[in-house]
Number of protein chains: 2
Amino acid sequence: MSTDSLGIKKIWQVNGRIYGDLPPSDRGLAYGDGLFETMRFDRGQCALAAFHWTRLLSGCERLSIPLDRRRLLDDCQAFLANLGSHGCETSGLIKLIVTRGVGGRGYAPPTPSRSTLIWQWSPLPEESAENETGVALSVSPVRLAQQKLLAGLKHLNRLEYVLAADAAKAGAIPLLLDTDGFVVESLSHNIFFTREGQVITPQLVSCGVEGVLKQYALQKISPALNIPMREESVSLAQLMAADEVFIGNSVRGFWPVTLLASNSKSVRWPIGNVFREFHSTHQAFLKSTHG
Amino acid sequence: MSTDSLGIKKIWQVNGRIYGDLPPSDRGLAYGDGLFETMRFDRGQCALAAFHWTRLLSGCERLSIPLDRRRLLDDCQAFLANLGSHGCETSGLIKLIVTRGVGGRGYAPPTPSRSTLIWQWSPLPEESAENETGVALSVSPVRLAQQKLLAGLKHLNRLEYVLAADAAKAGAIPLLLDTDGFVVESLSHNIFFTREGQVITPQLVSCGVEGVLKQYALQKISPALNIPMREESVSLAQLMAADEVFIGNSVRGFWPVTLLASNSKSVRWPIGNVFREFHSTHQAFLKSTHG
């Protein structure tokens with residue numbers, strides 16, 4: 001067992017070795033040449049596991065990082081099996097980083113390459129009341145650059161997000177726009193809003209992270225509730241004119257947005273019925289899987 | 001002494017410890033939250049050291065990564081002093097990575113933060129003949145996204161460059177354009193061309209790396225040769241209409257460009273006199289410093 005600077009216990013595994021070392025020449029560090037997933041595990045079960053694995057494997061394919069499902073699942077099982085003997089429960093937040101590994105000539109990837117798999121366990125975050133009280137968003141001064149080749153990927157090139165978090169107003173979650181002013185997501189969450197009974201979420205064609213909870217909402221919640229949902233290009237004005245707004249990610253679930261502030265304007269919303277239905281459907285799913 | 005997968009000997013130092021470990025929770029790996037320098041050392045002397053330190057420290061300031069000059073120079077001296085006892089010469093390629101260190105809540109930087117300093121030594125690259133034979137450039141299909149907040153920095157978010165290297169045509173160095181089609185640089189080098197006796201290099205306001213050799217050329221070579229040099233916005237057509245073209249970085253020096261190929265067109269140049277003057281001035285400087 002290891003504790004970090006905040007006294008939070010941590011355990012990690014690098015390429016199958018608990019507390020293994022990462023060589024500083026790993027391309028994940030050198031270039032951010034890799035991907036990550038942050039997953040909620042309850043008693044050894046990963047919430048929305050299939051969606052996490054699908055996103056990760058399709059991201060690896062887009063970046064030509066070799067990783068097969070068998071190695072991924074075996075490595076995960078080995079890590080989970082080790083948690084108990086290191087004083088960690090099998091409930092926790094598990095972060096997986098997959099890098100292209102070591103080697104290559106400068107930026108050029110090595111051929112063949114052997115990807116590095118890094119698992120990190122930390123305790124689940126404290127239960128919080130945001131799903132009942134709602135959250136405030138504030139338009140970030142940091143605009144996301146547009147790169148179609150990387151759009152949607154949960155890759156390791158996250159400096160813009162660090163700058164946005166650093167520039168965030170206290171008590172508000174940054175709302176991220178792209179460099180043309182279109183809505184992308186809120187920091188660490190996808191964003192959803194309703195208009196005339198439909199749920200809309202930004203289409204992530206030039207930047208942003210394709211969230212696992214967003215995919216789950218599109219593929220499972222929307223059909224189950226018979227509430228139509230679609231992805232489209234969204235301006236800030238369209239978001240501000242929404243009937244209700246909420247955000248979500250796979251670790252925390254859905255949170256209603258009750259305030260959105262920009263430099264020139266702010267808008268308030270009550271907590272809406274569509275949010276409540278999405279939230280309770282997700283909660284019921286988690287209970288049915290892990291209950 | 002350690003050797004990598006290609007059998008090349010390596011030595012590294014993490015926060016003062018030779019062959020030290022990098023915790024996988026370091027923000028350099030997690031988010032690419034850091035900067036790097038790749039420096040040519042000849043018998044313990046770093047070529048263009050003042051330019052490297054200036055770029056690094058100003059990059060740290062722009063990203064609010066704490067690093068003072070004293071710690072940087074002391075850490076460098078300690079690493080150099082250790083090279084001999086680990087069987088390495090004090091001539092070599094030295095790569096320094098500075099990250100924001102460990103900690104913080106997700107993307108939000110920790111306050112205060114303690115930066116991580118990682119030094120890596122590898123042998124100098126083989127002498128090559130490119131400065132006499134010239135090189136070919138090929139317009140990359142990967143366009144660089146535009147983010148003013150990161151433009152010019154030698155930061156760790158380099159996935160676009162990995163993709164460009166991976167997509168490169170054999171025998172040609174990728175020429176990188178931004179998403180609006182303006183010329184930025186060639187992979188791992190800045191680019192220079194002449195028009196009516198002036199040297200022009202792209203202004204890096206929305207992407208690209210501000211090279212140390214480029215700064216040296218602007219501040220020292222151009223005045224010494226009395227050849228005017230300036231930065232401006234450069235279209236591909238303007239580059240193709242140049243009188244002569246060359247590229248350069250601090251490790252390899254200047255290389256003349258003899259061929260530039262795009263999908264629709266290719267242009268050839270002879271090796272020009274301005275290149276020869278820049279190259280010999282730079283060579284003379286290296287000899288005077290280290291000779």
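The values are calculated or read from the model by the stated rules, or taken from the named source; none is laboratory data. Just so it is clear, the model here is predicted, and its values are computed rather than measured. No Cβ is skipped: glycine too gets one built from the backbone with ideal geometry, and neighbour counts run over all protein chains shown. Just so you know, the surface numbers come from the protein's heavy atoms only, side chains and all, with ligands and any DNA or RNA stripped out. Shrake-Rupley method; radii C 1.70, N 1.55, O 1.52, S 1.80 Å.
Scan segment A:170-214 residue by residue and report those that are over 26 Å from B:Arg105 (Cβ atoms), within 13 Å of chain B (Cβ to nearest Cβ) and either in contact with a helix residue (DSSP H, G or I) (Cβ under 9 Å, 6 or more places away or on another chain) or open to solvent by less than 50 Å² (accessible area, probe 1.4 Å) (or both).
A:Ser206
Can you find even one residue in segment A:117-136 that is open to solvent by 30 Å² or more (accessible area, probe 1.4 Å), at pLDDT below 95, within 11 Å of chain B (Cβ to nearest Cβ) and under 30 Å from A:Pro256 (Cβ atoms)?
Within segment A:117-136, one or more residues are open to solvent by 30 Å² or more (accessible area, probe 1.4 Å), at pLDDT below 95, within 11 Å of chain B (Cβ to nearest Cβ) and under 30 Å from A:Pro256 (Cβ atoms).
Within segment B:138-150, how many residues turn out to be at the interface with chain A (Cβ under 10 Å from one of its Cβ atoms) and part of a loop (DSSP other than H, G, I, E, B)?
9
Taking segment A:249-291 as the region of interest, how many residues are outside any loop (DSSP other than H, G, I, E, B), closer than 25 Å to A:Gly181 by Cβ and out of contact with any Gly (no Cβ under 7 Å at 6 or more places or on another chain)?
Qualifying residue count, segment A:249-291: 6.
Does segment B:63-83 contain at least one residue that is within 24 Å of B:Val162 (Cα to Cα), under 20 Å from the mean Cα position of the chain (by Cα) and modelled with pLDDT of 95 or more?
Checking segment B:63-83: at least one residue is within 24 Å of B:Val162 (Cα to Cα), under 20 Å from the mean Cα position of the chain (by Cα) and modelled with pLDDT of 95 or more.
Output the residue which, of all residues in segment B:151-163 that are closer than 12 Å to A:Tyr31 by Cβ and in a loop (DSSP other than H, G, I, E, B), is farthest from the other protein chains (Cβ to nearest Cβ).
If we take residues in segment B:151-163 being closer than 12 Å to A:Tyr31 by Cβ and in a loop (DSSP other than H, G, I, E, B), then B:Lys154 is farthest from the other protein chains (Cβ to nearest Cβ).
Out of all the residues in segment A:49-67, is one or more of a type in the set (Ser, Thr, Tyr) and on the phi > 0 side of the Ramachandran plot?
Within segment A:49-67, one or more residues are of a type in the set (Ser, Thr, Tyr) and on the phi > 0 side of the Ramachandran plot.
Test A:Ser206 against the stated conditions and say whether it is of a type in the set (Gly, Ala, Ser), touching a residue at least 60 places away in the same chain (Cβ under 8 Å) and in a loop (DSSP other than H, G, I, E, B).
Taking the combined requirement at face value, the residue satisfies it.
How about segment B:264-291: which of its residues are open to solvent by 30 Å² or more (accessible area, probe 1.4 Å) and among the aromatic types (Phe, Trp, Tyr)?
Within segment B:264-291, B:Phe285 is the sole residue that qualifies.
Got a sec? Which of B:Ala261, B:Ala241, B:Ala217 is under 22 Å from B:Ile173 (Cβ atoms), at pLDDT 95 or above, exposed (fewer than 14 other Cβ atoms within 10 Å of the Cβ) and not acidic (Asp, Glu)?
B:Ala241
Out of segment B:113-135, which residues are aliphatic (A, V, I, L, M), farther than 22 Å from B:Ile11 by Cβ and outside any loop (DSSP other than H, G, I, E, B)?
Once the filter is applied, which keeps residues that are aliphatic (A, V, I, L, M), farther than 22 Å from B:Ile11 by Cβ and outside any loop (DSSP other than H, G, I, E, B), segment B:113-135 yields only B:Val135.
As an exercise: evaluate B:Leu156 against (1) in contact with a helix residue (DSSP H, G or I) (Cβ under 9 Å, 6 or more places away or on another chain); (2) open to solvent by less than 10 Å² (accessible area, probe 1.4 Å); (3) under 18 Å from B:Ala261 (Cβ atoms) and give the number of the one condition it does not meet.
Of (1) in contact with a helix residue (DSSP H, G or I) (Cβ under 9 Å, 6 or more places away or on another chain); (2) open to solvent by less than 10 Å² (accessible area, probe 1.4 Å); (3) under 18 Å from B:Ala261 (Cβ atoms), only one is false for B:Leu156: (3).
If B:Leu137 meets every condition in (1) within 18 Å of the chain's Cα centre (by Cα); (2) free of Cβ contacts under 8 Å to residues at least 60 places away in the same chain apart from one, which number is that one?
(2)
How many residues are among the small types (Gly, Ala, Ser), in a loop (DSSP other than H, G, I, E, B) and under 12 Å from B:Ile247 (Cα atoms) when one looks only at segment B:168-195?
Selection size over segment B:168-195: 1.
Give me the pairs, please: first residue somewhere in segment B:220-233 and closer than 9 Å to B:Val199 by Cβ, second residue anywhere and among the aliphatic types (A, V, I, L, M) and assigned to a helix (DSSP H, G or I), beta-carbon distance under 6 Å, and either six or more positions apart or on two chains.
B:Met229/B:Leu218
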